[in-house]
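The values are calculated or read from the model by the stated rules, or taken from the named source; none is laboratory data. In this text the structure is predicted, and so the values were computed from the model without any measurement. Please note: Cβ atoms are built from the backbone with ideal geometry, for glycine as well, and neighbour counts cover all protein chains shown.
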């Protein structure tokens, strides 16, 4: 992997996100972000590009569609050492996204609330977040993925020690963590849906 140059940050849990963004900015990393996360980062004094400005499409359908776009997933899944992938990325203006920081809508907290409706539960099923996490984890050779704020410090330390890069071992460990977590997330959704009627 080469130096991290472009990060996509979209989090529900915003604890520590401004400090992370400041540290990334200090490494010269450019940041793409969505809605509330972009506002938090900008209010913290760090330059950020809205994902809608990058893709050319607004967030739409009450926020249901924001990151499900080829310029996002092409940037995550494109193999950097594959000339055909690189050529296609250049043709369509797809930038390689080197770091993804995403955590999900808190589905389990939502359905634990007394009186929660099925409609409220459904709206708290994250689609774009797991898709970005899984795309990033699949391409762990080229992409560092963080879904847990606990790992912010580990990644920043590696970047400090390795000229802005992370190690393959860390990227693989973080990828495995993603697949374990998305499996658990889907399990929680399934258990809830099995307990209710439409």
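Only a single criterion out of (1) touching a strand residue (DSSP E or B) at 6+ places or on another chain (Cβ under 7 Å); (2) at pLDDT below 95 is not satisfied by residue 133, namely (2).
Just to be sure, is residue 99 modelled with pLDDT of 95 or more, under 14 Å from residue 12 (Cβ atoms) and surrounded by 15 or more Cβ atoms within 10 Å (Cβ to Cβ)?
No; evaluated as a whole, the condition is false for this residue.
Here the range 136-153 is the region considered, the condition is being part of a helix (DSSP H, G or I) and touching a residue at least 12 places away in the same chain (Cβ under 8 Å), and the residue that is surrounded by the fewest Cβ atoms within 10 Å (Cβ to Cβ) is 138. In the condition set (1) in contact (Cβ under 8 Å) with a residue 60 or more places away in the chain; (2) assigned to a helix (DSSP H, G or I); (3) closer than 16 Å to residue 107 by Cβ, residue 156 is compliant with all but (3). The set of residues in the range 1-24 that are closer than 18 Å to residue 104 by Cα, more than 12 Å from the chain's Cα centre (by Cα), in contact (Cβ under 8 Å) with a residue 40 or more places away in the chain and surrounded by 16 or more Cβ atoms within 10 Å (Cβ to Cβ) comprises 17, 20. The residues listed here are 118, 168, 133, 174; of these, the one that is in contact with a helix residue (DSSP H, G or I) (Cβ under 6 Å, 6 or more places away or on another chain) and touching a residue at least 12 places away in the same chain (Cβ under 8 Å) is 133.
Among the residues of the range 72-85, some residue qualifies, meaning at least one is without any contact (Cβ under 8 Å) to a residue 40 or more places away in the chain, assigned to a helix (DSSP H, G or I) and surrounded by 15 or more Cβ atoms within 10 Å (Cβ to Cβ).
In the range 25-51, the residues that are on the phi < 0 side of the Ramachandran plot and in contact (Cβ under 8 Å) with a residue 60 or more places away in the chain form Cβ pairs under 6 Å with partners that are surrounded by fewer than 16 Cβ atoms within 10 Å (Cβ to Cβ) and not in a loop (DSSP other than H, G, I, E, B), at six or more places apart or across chains, as follows: 32/49.
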